[in-house]
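A quick write-up on the structure given underneath.
The values are calculated or read from the model by the stated rules, or taken from the named source; none is laboratory data. Please read these numbers as outputs of a predicted model, since none were measured by experiment. Cβ: placed from backbone, ideal geometry, glycine included. Neighbour counts: every protein chain shown. SASA here: full protein model, heavy atoms, side chains in, ligands and nucleic acids out. Shrake-Rupley method; radii C 1.70, N 1.55, O 1.52, S 1.80 Å.
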Amino acid sequence: PRVFDKIDSRDVQLWGNHTVKLRHNLAARDDLFSDGSLGNLIETIDPKHLDITTMGEDVSTWGHVDRAGQPGSKVLEAIRGGRVWINMQSIERADPRFQDLLDQMYGELEGSLPGFKTFKRKLGLLISSPSARVFYHFDVPGQALWQVRGRKRIWIYPPTRPFLPATEVENVVRSLAMEDLSYEPWFDDYAEVYDMEPGDMLHWALNGPHRVSNLDSVCVSLTTEHWTSSIRRSYAMHYGNGILRNAVGVRPRSSSLDGPAFWAKAGLTAAWRKSGMQKKQSYKRVLTYRVDPAAPLGVVPLEEKDRITVDH
């Protein structure tokens, strides 16, 4: 069966520049999204593609979590009763069925959207507690959020200043910082708000800041990310501006995606990455909690001597 119910002419005109909400049929795929399948994926996915986090009541209280050898069923138990968010990245590498699904998703999109040609496509899986939240952040590549189980609310903000500060974007693009952004409560006055049910898919403008709160149940969602030639140019521009600002001490004056200045930044970006400087400067994840289904939040803090540092 097709992934999408339909993609109409309005969706075609809005795609890439505005938020588009579509309907999909993935909620019926028990072979992929049953508790048994999810638990197996938690156990078998490459650990570097598994990011478990927990969050408090404000943006300053959150942390990365060690699975600590817990079986997938116990991790799911911690999610149901705690405040835990799991992000499994590149799941198409862990199970060929997800690669088939990813190919079908983009096959239907590219077949319906004139000029939409993508590469470096990835599929992620999110499993999160009823009370879980994801704080204000943005994504570097093109993205979409697909709701499979449960209900969540998402706030999407304009991809412009002051909601998207250039210096913070540059640091994220260069892997010097995580995707989190500075947030003010009054930003909400300018947000689009969507309540997502199983079968809903949202795609929004490139780099659009957003935050998420689950509503009343465990949520299972997919994320897709992709690159296009214009997204790659945007990446090179931000990366080059970040090098100029932080490494050279020159304030960038242009955000153009063409012309001599852009191509100079693209060359600078390629040389910087090839030199190994990005890997040397990239931030590290520090695991400060471990999964414990018996704990009130599903996790317990680690002693400082037991904390684990992993590459981004």
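Summary of computed values
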read-out: In region 252-311, the residues that are closer than 25 Å to Asp180 by Cα, small (Gly, Ala, Ser) and more than 25 Å from the chain's Cα centre (by Cα); value: Ser254, Ser256
read-out: Scan of region 52-101 for residues that are under 16 Å from the mean Cα position of the chain (by Cα) and of a type in the set (Asp, Glu), ordered by number; value: Glu92
read-out: Any chance Arg253 is over 13 Å from Thr167 (Cα atoms) and either at pLDDT below 90 or not in a loop (DSSP other than H, G, I, E, B) (or both); value: no
read-out: Region 196-224 residues that are of a type in the set (A, V, I, L, M) and in a strand (DSSP E or B), paired with ones that are modelled with pLDDT under 95 and open to solvent by 10 Å² or more (accessible area, probe 1.4 Å) (beta carbon under 7 Å, 6 or more apart); value: Val212/Arg133; Val212/Val134
read-out: Flag if Val248 is of a type in the set (A, V, I, L, M), open to solvent by 60 Å² or more (accessible area, probe 1.4 Å) and more than 30 Å from Arg80 (Cβ to Cβ); value: yes
read-out: So Leu126, is it part of a strand (DSSP E or B), at pLDDT 95 or above and open to solvent by 10 Å² or more (accessible area, probe 1.4 Å); value: yes
read-out: Any hit, region 280-288, residues being touching a residue at least 24 places away in the same chain (Cβ under 8 Å), open to solvent by less than 70 Å² (accessible area, probe 1.4 Å), hydroxyl-bearing (Ser, Thr, Tyr) and assigned to a helix (DSSP H, G or I); value: no
read-out: Checklist (1) open to solvent by 20 Å² or more (accessible area, probe 1.4 Å); (2) under 19 Å from the mean Cα position of the chain (by Cα) applied to Gly107, failing item; value: (2)
read-out: Pairs, first in contact (Cβ under 8 Å) with a residue 12 or more places away in the chain and under 16 Å from Ala191 (Cβ atoms) in region 133-148, second open to solvent by 30 Å² or more (accessible area, probe 1.4 Å) and aliphatic (A, V, I, L, M), C-beta under 6 Å, six or more apart; value: Phe135/Val59
